[in-house]
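Single-structure report; data block below.
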Amino acid sequence: MSMMKMTASAFAMVAVSATAAAARENVQVAGSSTVLPYATIVAEAFAENMDFPAPVVESGGSSAGLKQFCEGVGQNTVDVANSSRPIREAELATCKENGVANIMEVRFGYDGIVFASDINGGDFALTPKDVFTALAKQVVVDGQVVANPATRWSEVNPALPDQEIMVFVPGTKHGTREVFEEKVMTVGCEEAGALAALTAASGGDEDKAEAACMTLRTDGRSVDIDGDYTETLARIDSNKAGIGVFGLSFYENNTDKLKVATINGVTPSTETIAKGEYPVSRPLFFYVKKDHIGTIPGLQEYADFFVSDAMAGPGGPLANYGLVPDPELAAVQAAVAEGATVTMP
C-alpha cells in the first residue's frame with residue numbers, strides 16, 4: 001500500500017454533526033482526545049487509499065465518546081468510539097439497554113502518560129509518591145489525616161525544584177484521568193503509607209480510602225482541564241511554573257515547548273514503554289458498532305485499515321507520531337477481520 005503524505009489537515013478535520021445527513025456515507029467517530037490524532041491520521045490515509053470518503057472524527061473525551069456510542073443503533077448514532085481506557089461494565093450495560101449489543105473492542109497500540117513543564121523550567125525527577133503528596137486533597141502528617149498543606153515542590157521532596165505546585169490534570173471525562181488516578185495517585189498513596197491511615201479514618205472502609213487516595217485537592221494547586229492537550233499546553237504557556245499531564249505522543253510532538261519529567265528515574269519514550277520500563281503506560285482502543293457494518297459504507301474496511309501493518313505497525317505513520325505498536329498486532333488484525341465482539345453483561 002502506498003501511504004499518502006501526512007498533512008496538517010489530518011489534525012484539523014472539520015467536526016460534523018451525526019445528524020447532518022439522513023443517509024450518510026461517512027464513518028463517524030467520537031471520543032478520546034488522546035486517540036484523536038491517530039484516528040485523524042488514519043481517516044485521511046483511508047480516504048486517500050480506499051474508495052470511501054474520509055471518516056468524520058470528533059473528540060470530547062473517552063467517556064463522552066462512549067456515551068454517544070451507547071445511545072443506540074442507527075444512522076443518527078456514531079459508529080466508532082475512541083478510548084484511552086477499556087470500556088466499563090456500566091457502559092456495556094447502558095449499550096445493551098439501548099440495543100447496542102454487538103461491540104468490537106480493538107486495541108491498536110500503547111501510549112504513556114507523562115508530566116511535562118515549560119522547556120525552560122526546572123528539571124523534575126518524580127515518583128508516584130511525590131505526585132500524590134503534592135496533589136492529594138488529604139495527606140498524612142505525623143500520623144494524622146489533614147488537608148494538604150504543601151505549596152511548593154521542595155516541600156514535597158527537597159530534591160525537587162523550589163517551585164510552586166501547579167498541575168493541570170485532564171478532567172474526569174478523559175480516559176487519561178482514570179489512568180492517572182490508578183497508576184499514579186493510588187500507587188503514590190500506598191508508597192506514602194497513607195492508605196492505611198485513610199482506611200482507618202474511613203472506619204475501615206477500603207473502598208472509601210482508595211477513593212480518598214484519588215481525590216485531588218481543590219485549592220487551585222490541581223486544575224482540571226476539560227479540553228484537549230492543546231488547552232493544557234496553553235495553560236503552561238501562560239503559567240511557566242505549571243506542570244501538565246499529557247499523552248506521550250503529544251509531548252513528543254511538542255518537545256520544542258515542553259520538558260518531560262522522569263518517573264522512578266525512567267524517561268518516558270516509545271522504547272521504555274515497549275520494554276515495560278516506564279511505569280505509567282496504557283493501551284489505546286477503539287470500539288466498533290458491529291450492527292453498523294454492512295449499513296455504513298466502509299466501516300469494516302476502516303477498522304481493518306486502522307490496525308493494518310501499514311498504519312499501526314512499526315515504522316508506520318502512527319508509530320512515527322508516537323504510538324507504541326501492539327506486539328500482538330497480528331492477533332488484533334485477525335479478531336477485527338472476524339468481527340469478534342466483547343462479552344456483554
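Summary of values
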| read-out | value |
| --- | --- |
| Residue among 86, 37 that is open to solvent by 10 Å² or more (accessible area, probe 1.4 Å), touching a Phe, Trp or Tyr at 6+ places or on another chain (Cβ under 8 Å) and assigned to a helix (DSSP H, G or I) | 37 |
| Selection within region 330-342 - among the small types (Gly, Ala, Ser), open to solvent by 40 Å² or more (accessible area, probe 1.4 Å) and in contact with a helix residue (DSSP H, G or I) (Cβ under 8 Å, 6 or more places away or on another chain) | 337 |
| Hits in region 67-78 (condition: buried (at least 19 other Cβ atoms within 10 Å of the Cβ) and more than 20 Å from the chain's Cα centre (by Cα)) | 77 |
| Selected residue [open to solvent by less than 30 Å² (accessible area, probe 1.4 Å) and in a loop (DSSP other than H, G, I, E, B)] from 220, 227 | 227 |
| Failed item, numbered, when residue 273 is tested on (1) surrounded by 15 or more Cβ atoms within 10 Å (Cβ to Cβ); (2) not assigned by TED's automatic domain parsing to the domain that holds residue 251 | (2) |
| Pairs with Cβ under 6 Å, 6+ apart, first in region 30-42 and closer than 19 Å to residue 299 by Cβ, second assigned to a helix (DSSP H, G or I) and open to solvent by 10 Å² or more (accessible area, probe 1.4 Å) | 30/68; 40/11; 41/317 |
| When residues of region 42-60 are limited to those that are of a type in the set (D, E, K, R) and more than 19 Å from the chain's Cα centre (by Cα), the one nearest to residue 109 (Cα to Cα) | 44 |
| Selected residue [more than 27 Å from the chain's Cα centre (by Cα) and surrounded by 15 or more Cβ atoms within 10 Å (Cβ to Cβ)] from 64, 150, 81, 134 | 150 |
| Any chance residue 120 is free of Cβ contacts under 8 Å to residues at least 60 places away in the same chain, open to solvent by 10 Å² or more (accessible area, probe 1.4 Å), outside any strand (DSSP E or B) and not aromatic (Phe, Trp, Tyr) | no |
| Selected residue (only one of 283, 314, 327, 279 is surrounded by 16 or more Cβ atoms within 10 Å (Cβ to Cβ), part of a loop (DSSP other than H, G, I, E, B) and not polar (S, T, N, Q)) | 279 |
| Qualifying residues in region 266-324 (those that are aromatic (Phe, Trp, Tyr) and over 27 Å from residue 338 (Cβ atoms)) - the one modelled with the highest pLDDT | 278 |
| Residue that is over 30 Å from residue 164 (Cα atoms) and out of contact with any helix residue (DSSP H, G or I) (no Cβ under 9 Å at 6 or more places or on another chain), where the choices are 98, 49 | 98 |
| Enumeration of residues in region 174-214 that are surrounded by 17 or more Cβ atoms within 10 Å (Cβ to Cβ) and not in a helix (DSSP H, G or I) | 174, 192 |
| Selection within region 243-268 - open to solvent by less than 20 Å² (accessible area, probe 1.4 Å) and small (Gly, Ala, Ser) | 244, 247, 249, 261 |
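Table: residues versus (1) small (Gly, Ala, Ser); (2) more than 15 Å from residue 140 (Cβ to Cβ).
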{"site": "182", "(1), (2)": "no, yes"}
{"site": "198", "(1), (2)": "no, no"}
{"site": "201", "(1), (2)": "yes, no"}
{"site": "216", "(1), (2)": "no, yes"}
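The values are calculated or read from the model by the stated rules, or taken from the named source; none is laboratory data. What you see is a predicted model; the values in this text were computed from it and never measured. Here the Cβ is made from the backbone with ideal geometry for all residues, glycine too, and neighbour counts use every protein chain on show. Just so you know, the surface numbers come from the protein's heavy atoms only, side chains and all, with ligands and any DNA or RNA stripped out. Shrake-Rupley method; radii C 1.70, N 1.55, O 1.52, S 1.80 Å.
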